[in-house]
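Take a look at the structure below.
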Amino acid sequence: MKRIVFSVGFSSLLVFSACTQKLSAIVKDAERQTAVLLSEIPNAREGKANLVSPRTVEEGKLKLVASGDWTSGFFPGELWYFYELTGDQKWKQKADSFTRLIEKEKLNGVTHDMGFKIYCSFGNGYRLTKDPYYKEVIIQSAKTLITRYRPVTGAIRSWDHHKEKWQFPVIIDNMMNLELLFEATKLTGDSSFYKIAVAHANTTMKNHFRDNYSTWHVVEYDTITGKVRSKVTHQGYSDESEWARGQAWALYGYTMCYRETKDPVYLRQAENVADYLLKHPAMPADAVPYWDFKDPGIPSVSRDASAAAVIASGLYELSGYSMQKKTYKAFADKIMNSLTKSYRSAIGENKGFILIHSTGNKPANSEIDVPINYADYYYLEALLRKR
Ligand code: GLY
């Protein structure tokens, strides 16, 4: 979620200024659309006070989720990004009130999704306001998350479900939860959070990646020996397929790990994943991936705008560290142009979500070709990084 500042030479300033104007129009549209979403929430919540955050559109209705859902932090995070993009106090007030609704997750130790939930919401809130209340929630959440770490595996356990099948499953998505741990060390001076994040990143780098730098979704470890038992792709087309969002989490995750550690091994890993993605023969011309790069039904299968937004945001950051700066930034720009031109909802439609055409969990026949909150979150983050 870090905002990246690029220095620009005088010759770039005119171009930058033209882009900035366009950007401000895009942000204005996104604000108008999000006002629609906000106006839809009271109706969708009617009688169900535990539902706190908009997630998607299901059978034509706005679907809200409880704070325990892995996506509950994205909408508060979007509101923080609007505050950052516009400076408008109205967004700060909304962001704060939606953020507070998920505070109890700081004690929820039955899932690894703490970073998604707490860092996108409280993390952005703290970054932008330095409010000590947010800081305390971040620290407690990190303490809860590391209870899922086991030295024998060198990893944080991701899921508790499917216990009959998997002993200690770790998913590539879990890389995204490490940012919370790096922050907790900065806030407390306690290096245990940092060390666990590094151990998890190293274990994942060793076991999750194929020779071409694509990643399996799930690596399952033996709880006693810590050895790998199986490698599968639960949310993709098949175990050996390349689920698009998983590749996006890998790119973003190792870029973030390089930012936090300055270990060049992570930079190389992020570049290798980026190069695999940029040259992928199944990457469509508009650079918005199909939901799985190995679905044999391509090109007649759904896209995943959320994967595209995560890749764009990750590439903007990576372009600030890599010698391949121009290539990565150009590809991120290409994705953002496509999303902005062809994947945005008309204002007033789709219950107020910004992007359309994401795929949540195709094997479960769930959320196929829909708007989804994390697509909007990473799109706004990428807009900020572009700016
Ligand atoms: N973290 C779950 C997903 O990407 O669908």
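The values are calculated or read from the model by the stated rules, or taken from the named source; none is laboratory data. Quantities reported herein were computed from a predicted structural model and do not represent experimental measurements. Reconstructed Cβ throughout: ideal geometry from the backbone, glycine too, with neighbour counts over all protein chains shown. Keep in mind that these areas ignore ligands, DNA and RNA; they rest on the heavy atoms of the full protein, side chains included. Shrake-Rupley method; radii C 1.70, N 1.55, O 1.52, S 1.80 Å.
Results for (1) part of a strand (DSSP E or B); (2) within 24 Å of Y81 (Cβ to Cβ); (3) touching a His at 6+ places or on another chain (Cβ under 9 Å), shown as yes or no for each residue.
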| position | (1), (2), (3) |
| --- | --- |
| K104 | no, yes, no |
| R127 | no, yes, no |
| V137 | no, yes, no |
| K163 | no, no, no |
| V170 | yes, no, yes |
| D173 | no, yes, yes |
| E179 | no, yes, no |
| E183 | no, yes, no |
| T204 | no, no, no |
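Report whether or not I172 is under 21 Å from the mean Cα position of the chain (by Cα), at pLDDT 95 or above, buried (at least 23 other Cβ atoms within 10 Å of the Cβ) and within 16 Å of the ligand (Cβ to nearest atom). So I172 fits the description; yes. Has the stretch 279-287 got any residue that is in contact (Cβ under 8 Å) with a residue 40 or more places away in the chain and either among the hydroxyl-bearing types (S, T, Y) or within 16 Å of the ligand (Cβ to nearest atom) (or both)? No, there is no match, as no residue in the stretch 279-287 is in contact (Cβ under 8 Å) with a residue 40 or more places away in the chain and either among the hydroxyl-bearing types (S, T, Y) or within 16 Å of the ligand (Cβ to nearest atom) (or both). Only one entry in K117, K143, K135, K130 is open to solvent by 10 Å² or more (accessible area, probe 1.4 Å) and touching a helix residue (DSSP H, G or I) at 6+ places or on another chain (Cβ under 7 Å), namely K135. Residues of the stretch 175-197 that are closer than 19 Å to N124 by Cα, among the hydrophobic types (A, V, I, L, M, F, W, C), open to solvent by 10 Å² or more (accessible area, probe 1.4 Å) and out of contact with any Lys or Arg (no Cβ under 8 Å at 6 or more places or on another chain): M176 alone. In the stretch 314-321, the condition of being assigned to a helix (DSSP H, G or I), surrounded by fewer than 23 Cβ atoms within 10 Å (Cβ to Cβ) and in contact with a Leu (Cβ under 9 Å, 6 or more places away or on another chain) is met by no residue.
Output the residue which, of all residues in the stretch 351-370 that are open to solvent by less than 10 Å² (accessible area, probe 1.4 Å) and either assigned to a loop (DSSP other than H, G, I, E, B) or touching a Cys at 6+ places or on another chain (Cβ under 9 Å) (or both), is farthest from the ligand (Cβ to nearest atom).
Initial filter on the stretch 351-370 (open to solvent by less than 10 Å² (accessible area, probe 1.4 Å)): 352-355, 358-360.
Subsequent filtering for residues that are either assigned to a loop (DSSP other than H, G, I, E, B) or touching a Cys at 6+ places or on another chain (Cβ under 9 Å) (or both) retains 353-354.
Values: F353: 16, I354: 18 Å.
Filtering the stretch 351-370 for residues that are open to solvent by less than 10 Å² (accessible area, probe 1.4 Å) and either assigned to a loop (DSSP other than H, G, I, E, B) or touching a Cys at 6+ places or on another chain (Cβ under 9 Å) (or both), the one farthest from the ligand (Cβ to nearest atom) comes out as I354.
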